[in-house]
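Participant: Take this structure, written in structure tokens, and hold onto it; I'll ask about it next.
The values are calculated or read from the model by the stated rules, or taken from the named source; none is laboratory data. Here the structure is a predicted model, which means the values were calculated and not measured. Methodologically, a virtual Cβ is constructed for each residue, glycine included, from the backbone with ideal geometry; neighbour enumeration extends over all protein chains shown.
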């Protein structure tokens, strides 16, 4: 029997049934409830509650596991570390609020911007916690204003400062965890990246509200979801609006990044039934990425992204982006597709024989958009573009120019820009 195209990844391999199962986690199925106020946490206090909440987590782990419940109220905390067989439930009306004092996030081994290094942990951390879940209708608030202001002060002093020069915590960091599910919660106002997953597999993010502001203060580098050396990843029914990339695929950077065992590929990623507000890009491959394969974004609405699909091509990093499909998209963006050299913090570190990078087997289909720029593709430098397919595109663009000579092997089928058929 012939497979339906919706059953297959862009490279033609079968999508596992795991992606079709989006049953919500139920509180009563997560084991014994450990309510943080029963272990000394005080709601609506200006005092930091880190110790009381961490003691709750530790006690749950000691008793064989269970769910840490944040009840109604605001609880101020620094970095928290979940243990095997523990979960987080944020009740409706509850706010787990991050401290805006970086001293409450002790430096430890971590991962940032495509490299393993000592750095500040997130507010919520899970290292090697298979089956970890975050659920509930409450809010995890990074309380990031002081961090954002510190970043912009430093950027004013030094326009070339790196993101890591200003000490800022992420909101959620999950490392080496399998079978993770995050659902229903509001994830807002992160000091740095909002959700970062490193070396994880089988991750589901369902019905989330992820937000950081662009006004009155821009929340710098608050990516909604950073996927870093992960496989089998589902994002479904989410709203994402942040002052950087909404979904960014990472995995390593630098001239020998593909030789470093800390780095690796992202594979089998589905983004569906979601809505994107303001962001630098709805879906980005790079700039700290070496190999992304089987990425499918479908059935989404966009209203405000600067780009729908962005390939950041670093000339100091070997990259391969392949089998990426974006389909059934409607709304408004500034650029539909953006492919150009990315030179931020460029450093060849003396390497003379950089391999040729590539971006290939990319499909855009069934897209109905208003945009400022239809096609922003620059002449390749140390990379090649090949085997692109545009099908059933209906684009209203201020700038509808199109140069198909920059891609080796491009197929056009019913592509209309400003009501004119492009061939």
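Residue-by-condition table, conditions (1) farther than 21 Å from residue 358 by Cα; (2) without any contact (Cβ under 8 Å) to a residue 60 or more places away in the chain:
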| site | (1), (2) |
| --- | --- |
| 232 | yes, no |
| 242 | yes, yes |
| 265 | no, yes |
| 269 | no, yes |
| 280 | yes, yes |
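Participant: State yes or no: is residue 84 free of Cβ contacts under 8 Å to residues at least 24 places away in the same chain and either assigned to a strand (DSSP E or B) or over 18 Å from the mean Cα position of the chain (by Cα) (or both)?
Facilitator: Working: free of Cβ contacts under 8 Å to residues at least 24 places away in the same chain: no; either assigned to a strand (DSSP E or B) or over 18 Å from the mean Cα position of the chain (by Cα) (or both): yes.
No, not satisfied.
Participant: Take the residues of the stretch 304-339 that are within 18 Å of the chain's Cα centre (by Cα) and over 30 Å from residue 258 (Cα atoms): which is surrounded by the most Cβ atoms within 10 Å (Cβ to Cβ)?
Facilitator: 305
Participant: With 7, 11 as the choices, which residue is modelled with pLDDT under 95, surrounded by fewer than 19 Cβ atoms within 10 Å (Cβ to Cβ) and within 25 Å of the chain's Cα centre (by Cα)?
Facilitator: On the way: 11 fails: modelled with pLDDT under 95.
Answer to the check: 7.
Participant: Tally time: how many residues in the stretch 179-195 are closer than 25 Å to residue 21 by Cα and part of a strand (DSSP E or B)?
Facilitator: Residues in the stretch 179-195 being closer than 25 Å to residue 21 by Cα and part of a strand (DSSP E or B): 8 in total.
Participant: So which strands (runs of 3 or more DSSP E) are wholly in the stretch 97-178 and hold at least 3 residues that are farther than 24 Å from residue 202 by Cα and touching a strand residue (DSSP E or B) at 6+ places or on another chain (Cβ under 9 Å)? Break it down into steps so the answer makes sense when it comes.
Facilitator: Details: elements: 108-112, 115-119, 124-127, 133-135, 139-141, 172-175.
By residue number, 115-119.
Participant: Tell me whether the stretch 211-218 contains one or more residues that are part of a loop (DSSP other than H, G, I, E, B), out of contact with any helix residue (DSSP H, G or I) (no Cβ under 9 Å at 6 or more places or on another chain), modelled with pLDDT of 95 or more and surrounded by 24 or more Cβ atoms within 10 Å (Cβ to Cβ).
Facilitator: No, there is no match, as no residue in the stretch 211-218 is part of a loop (DSSP other than H, G, I, E, B), out of contact with any helix residue (DSSP H, G or I) (no Cβ under 9 Å at 6 or more places or on another chain), modelled with pLDDT of 95 or more and surrounded by 24 or more Cβ atoms within 10 Å (Cβ to Cβ).
Participant: If you go through the stretch 264-275, how many residues are at positive phi and either buried (at least 24 other Cβ atoms within 10 Å of the Cβ) or not in a loop (DSSP other than H, G, I, E, B) (or both)?
Facilitator: Counting residues in the stretch 264-275 that are at positive phi and either buried (at least 24 other Cβ atoms within 10 Å of the Cβ) or not in a loop (DSSP other than H, G, I, E, B) (or both) gives 1.
Participant: Residues to consider are 248, 261, 221; find the one that is surrounded by fewer than 18 Cβ atoms within 10 Å (Cβ to Cβ) and closer than 19 Å to residue 116 by Cα. Steps first, answer last, please.
Facilitator: Values: 248 fails: surrounded by fewer than 18 Cβ atoms within 10 Å (Cβ to Cβ); 221 fails: surrounded by fewer than 18 Cβ atoms within 10 Å (Cβ to Cβ).
Of 248, 261, 221, the one residue that is surrounded by fewer than 18 Cβ atoms within 10 Å (Cβ to Cβ) and closer than 19 Å to residue 116 by Cα is 261.
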